[in-house]
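Colleague: Handing you a structure now.
The values are calculated or read from the model by the stated rules, or taken from the named source; none is laboratory data. Everything numeric in this text was worked out from a predicted model, so none of it was measured. In this analysis, Cβ positions are derived from the backbone assuming ideal geometry, glycine residues included, and neighbour counts consider all displayed protein chains. Note: areas computed on protein heavy atoms with side chains; ligands, DNA, RNA excluded. Shrake-Rupley method; radii C 1.70, N 1.55, O 1.52, S 1.80 Å.
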Amino acid sequence: MIVGVPKEIKNNENRVAITPAGVEAMLNHGHRVIIENKAGMGSGISNDDYLAAGAEIVETAKEVFDRADMIMKVKEPLAAEYDLFKEEQMLFTYLHLAPEPELTAALLKKKVAGIAYETIQLDNGSLPLLTPMSEVAGRMSIQIGARYLEKTYGGSGVLLAGVPGVPAAEVVIVGGGIVGTNAAKMAMGLGANVTILDLNVDRLRYLDDLFGGRIHTVASNSYNIAQAVKKADLLVGAVLIPGAKAPKLVKEEMVKGMKPGSVIVDVAIDQGGSIETIDRVTTHSEPTYEKYGVIHYSVANMPGAVARTSTFALTNVTLPYALQLADKGWVKAVQENRALAKGVNVAAGQCTYEAVAKALNLAYTPLEQVLA
């Protein structure tokens, strides 16, 4: 199989879908890898590094798409890439289709087999290809929030840790999953007062035990969210429903009641966002906007800013699945691997992931029917 890796074109997206180690592994399995010129530069990987591992470098994304049986990317395709797909090509990447009707339509039209990193799910409910980027984004959310709290960035001028005689900042995290847990680790490590809200009381028990009672755990409901948001200096949206649009748990009225110069970082923005006043996706070039006196940060590819770390963390977990897809083709691979089967969002012109179909008001076709 020919595996193609184009250069990412999303604003300041510096990650790349394969490393030289991945190229070598693909070649050892009998496959060929073609990579667009300078695709790895943002992650500190040169063309020479790829060539030494056995890849072929080509000049344009079009050549990658034209020749490859499977396209490996990091982020969802953008409009400029929609026409590059071949009929029935395989696409392995983060897709986040629930808030993307145009992309979904383009993939359905070309009958692309779209396998989404973020919905591959093990029997225990974990999301192995989403976890490392959730860890990165969760940790980044606190360092980003700390920066925008500084007066020079328009914030209230609050130091997360405080100092002796001056209270530490209040960090409120809505969602106690991987993002929320990693955000809490960073915030607590910096000396902030941390509150996590989650629906799952067993998860709250786990977090209370993990942090030795040094954070506040609160059952998530509209009343408790409103009370927590009111006191927050930094609010982190960390809610995830696999494949589906994130619920708008923090309402506009709650944001209106926040302290002037406070900061919101919505990590759930790539699934539509969990904060009602998050009404746009921002970029690393223009990451924030102000509404009701509150700084809003809603960059959908946060880990792209720390691309070296993120690329290696991501490809550590994607490569084994990519090898299965390349070795067996997507049909046989998903028939033999239940976790991988849950990653199939679109195939053969059908939407095969129920949460995506519901979010976009599309007909849902179970994957088993497509494979029959």
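Colleague: HIS284 accessible area, nearest 10 Å², 1.4 Å probe?
Modeller: Per-residue accessible area (HIS284): approximately 40 Å².
Colleague: I'd like the Kirkwood hydrodynamic radius of region 163-278, using the inverse of the mean 1/r over distinct C-alpha pairs, in Å.
Modeller: Roughly 14.1 Å, rounded to one decimal.
Colleague: Quick one: order TYR292, TYR82, TYR117 from most to least accessible surface, probe 1.4 Å.
Modeller: Correct descending sequence by accessible area is TYR292, TYR82, TYR117.
Colleague: How high is the relative contact order of region 247-325, in percent, with contacts defined as C-alpha pairs under 8 Å that are six or more residues apart?
Modeller: Numbers: 95 pairs, mean separation 22.8, N = 79.
29 percent.
Colleague: Quick one: pull the percentage of alpha-carbon pairs in the chain with a separation above 27 Å.
Modeller: Here the long-distance tail beyond 27 Å is 48 percent of all Cα pairs in the chain.
Colleague: Moving on to the next point. Among LYS75/LYS251; LYS10/LYS251; LYS86/LYS248; LYS111/LYS358; LYS38/LYS332; LYS38/LYS328, which pairs are too far apart, with a Cα-Cα distance over 25 Å?
Modeller: LYS75/LYS251; LYS10/LYS251; LYS86/LYS248; LYS38/LYS332; LYS38/LYS328
Colleague: Let me ask you something else. May I ask for the net charge around GLN121, where only other residues with Cβ less than 10 Å from the Cβ of GLN121 are counted and Lys, Arg are +1 while Asp, Glu are -1? Before the final figure, lay out the partial values.
Modeller: Details: positive: ARG338, LYS342; negative: GLU118, ASP123.
Here the count lands on 0.
Colleague: Given a 10 angstrom Cα cut-off, can you work out which residue in ALA98, ALA244, ALA25 is the most mobile in a GNM of the chain?
Modeller: ALA25
Colleague: Tally up the carbon and sulfur contribution to the accessible surface of the chain as a whole percent, 1.4 Å probe, everything protein left in place.
Modeller: 51
Colleague: Restricting to DSSP H runs of at least four residues, report the calculated mean residue ellipticity at 222 nm for the chain, -39500 (n - 2.57) per run over all residues, nearest 500 deg cm²/dmol.
Modeller: -10500 deg cm²/dmol
Colleague: Another question, if that's okay. Which order do VAL267, VAL163 take when ranked by solvent-accessible area (1.4 Å probe, heavy atoms of all protein chains), largest first?
Modeller: Largest accessible area first, the list is VAL163, VAL267.
Colleague: Accessible area per residue for the chain in Å², computed with a 1.4 Å probe and the full protein assembly in place, what is it? Numbers along the way, then the final one.
Modeller: Numbers: 15330 Å² over 372 residues.
Roughly 41 Å² per residue, with all protein chains present.
Colleague: Shape call for region 90-155 from the C-alpha gyration tensor, a ≥ b ≥ c root eigenvalues: rounded (a/c under 1.5), prolate (a/b greater than b/c) or oblate?
Modeller: oblate
Colleague: Sort out the exposed loop GluC sites (Glu not before Pro) in the chain (DSSP loop, at most 14 other Cβ within 10 Å) and tell me the longest stretch that has none.
Modeller: Looking at the chain, 89-275 is the longest stretch - no exposed GluC sites (Glu not before Pro) with at most 14 other Cβ atoms within 10 Å.
Colleague: Taking 8 Å as the Cα distance limit and 6 or more residues as the minimum spacing, I'd like the relative contact order of region 146-226 as a percentage.
Modeller: In percent, rounded to a whole number, it is 22.
Colleague: Residues with beta-carbon under 13 Å from that of GLY189, excluding GLY189: net charge, scoring Lys, Arg +1 and Asp, Glu -1?
Modeller: Summing Lys and Arg as +1 and Asp and Glu as -1 gives +3.
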